[in-house]
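Trainee: Before I ask anything, here is the structure I am working with.
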Amino acid sequence: MNTWNNGIMECWNDGEHTEENRPCRVAIAHLTPLMRAKGHFKCLWLGVILFIFVFSVISPATWGDQKIFSTWDVFEADNLACIWLIKRFIAPGASIILYPKGELITEGVSFDIPNAEISRTFNKSTFESFLDRYRIKDRKLINIGKLIHDIEINTWERKLFRRTREVEIRVVDILERNKKNPEIIQKACEYFDSLYSIIPVELELN
């Protein structure tokens, strides 16, 4: 029992109380009464803990890969890159729901609109906010985030990276050549697939 308790306390005290270790903390908070319980009462406690643990891991918008993300149907580099990031890395089975601009979003995780769950700030693009939210450390994705930042946040200043202009031109070309939303998303995802495959570890400065 002492060994078990020591292990629990190590897990409890290990690191900050972040969303990443929340399931562990939720379970630990209910383990002490379970260890003291006996017989049928212990089984009941175990069932309660399992229920709490499952719902601490699965968010309201998630059932397996059927996560829903929602935004407005106005495309630019930032939200197209976000859609690609969701489809390729965050939730490959996710549904992307597009609402007309200005319409209230009522489903899923809203992004790249005013007051969205995940959005741009004065110093961060929505793409970068996604990287932070899901603790993504992939160096290539971080560099794509820098390019999107250069486009969306560094609006009036001289662009920092040589490849930024290329991304701007390709996104504009996609939007000019394709008028239907599914086609725009498909072509954007193909472009960002290609960009991800060739982007260097260190971006070249202007």
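The values are calculated or read from the model by the stated rules, or taken from the named source; none is laboratory data. If you're wondering where the values come from, they're calculated on a predicted model, not measured in any experiment. Glycine also receives a Cβ, built like all others from the backbone with ideal geometry; neighbour counts cover every protein chain displayed.
Trainee: Considering only the range 91-106, how many residues are over 13 Å from the mean Cα position of the chain (by Cα) and assigned to a loop (DSSP other than H, G, I, E, B)?
Mentor: Number satisfying all stated conditions: 8.
Trainee: On the given criteria, is N123 modelled with pLDDT of 95 or more, surrounded by fewer than 19 Cβ atoms within 10 Å (Cβ to Cβ) and in contact with a Lys or Arg (Cβ under 6 Å, 6 or more places away or on another chain)? Walk me through how you get there before you give the answer.
Mentor: Values: modelled with pLDDT of 95 or more: yes; surrounded by fewer than 19 Cβ atoms within 10 Å (Cβ to Cβ): yes; in contact with a Lys or Arg (Cβ under 6 Å, 6 or more places away or on another chain): no.
Answer is no for this residue.
Trainee: Go through the range 107-141 residue by residue and tally those that are touching a strand residue (DSSP E or B) at 6+ places or on another chain (Cβ under 8 Å), among the small types (G, A, S) and part of a loop (DSSP other than H, G, I, E, B).
Mentor: 3
Trainee: Right, another one. Would you confirm, using the coordinates I've provided, whether I144 is assigned to a helix (DSSP H, G or I), closer than 26 Å to I68 by Cα and in contact (Cβ under 8 Å) with a residue 40 or more places away in the chain?
Mentor: yes
Trainee: Further question on the same structure: Kindly establish whether V109 is within 13 Å of the chain's Cα centre (by Cα) and in the same structural domain as A81 (by TED's automatic domain parsing).
Mentor: On the way: within 13 Å of the chain's Cα centre (by Cα): yes; in the same structural domain as A81 (by TED's automatic domain parsing): yes.
Judged against the criteria, V109 is a match.
Trainee: Another question, then. Looking only at the range 171-201, count every residue that is over 25 Å from S70 (Cβ atoms) and more than 23 Å from the chain's Cα centre (by Cα) and tell me the total.
Mentor: Of the range 171-201, the ones over 25 Å from S70 (Cβ atoms) are 173, 176-177, 194, 197-201.
If we keep only those that are more than 23 Å from the chain's Cα centre (by Cα) too, we end up with 173, 176-177.
Count: 3.
Trainee: Does the range 152-206 hold any residues that are hydrophobic (A, V, I, L, M, F, W, C) and part of a loop (DSSP other than H, G, I, E, B), and which are they?
Mentor: Of everything in the range 152-206, those that are hydrophobic (A, V, I, L, M, F, W, C) and part of a loop (DSSP other than H, G, I, E, B) turn out to be I153, W156, L160, I199, V201, L203.
Trainee: What pairs come out if I take residues in the range 158-180 that are assigned by TED's automatic domain parsing to the domain that holds N79 and pair them with residues that are among the small types (G, A, S) whose C-beta lies under 8 Å away, six or more apart or interchain?
Mentor: Matching pairs, first to second residue: V167/A77; E168/A77; V171/A77; V171/A188; I174/A188.
Trainee: For the range 52-87, which residues satisfy the criterion of being at pLDDT 95 or above, in contact with a helix residue (DSSP H, G or I) (Cβ under 7 Å, 6 or more places away or on another chain) and assigned to a helix (DSSP H, G or I)?
Mentor: Across the range 52-87, the qualifying residues are A77, D78, N79, L80, A81, C82, I83, W84, L85, K87.
Trainee: Could you look through the range 130-162, keep only residues that are over 24 Å from the mean Cα position of the chain (by Cα) and among the charged types (D, E, K, R), and pick out the one that is modelled with the lowest pLDDT?
Mentor: My answer is E157.
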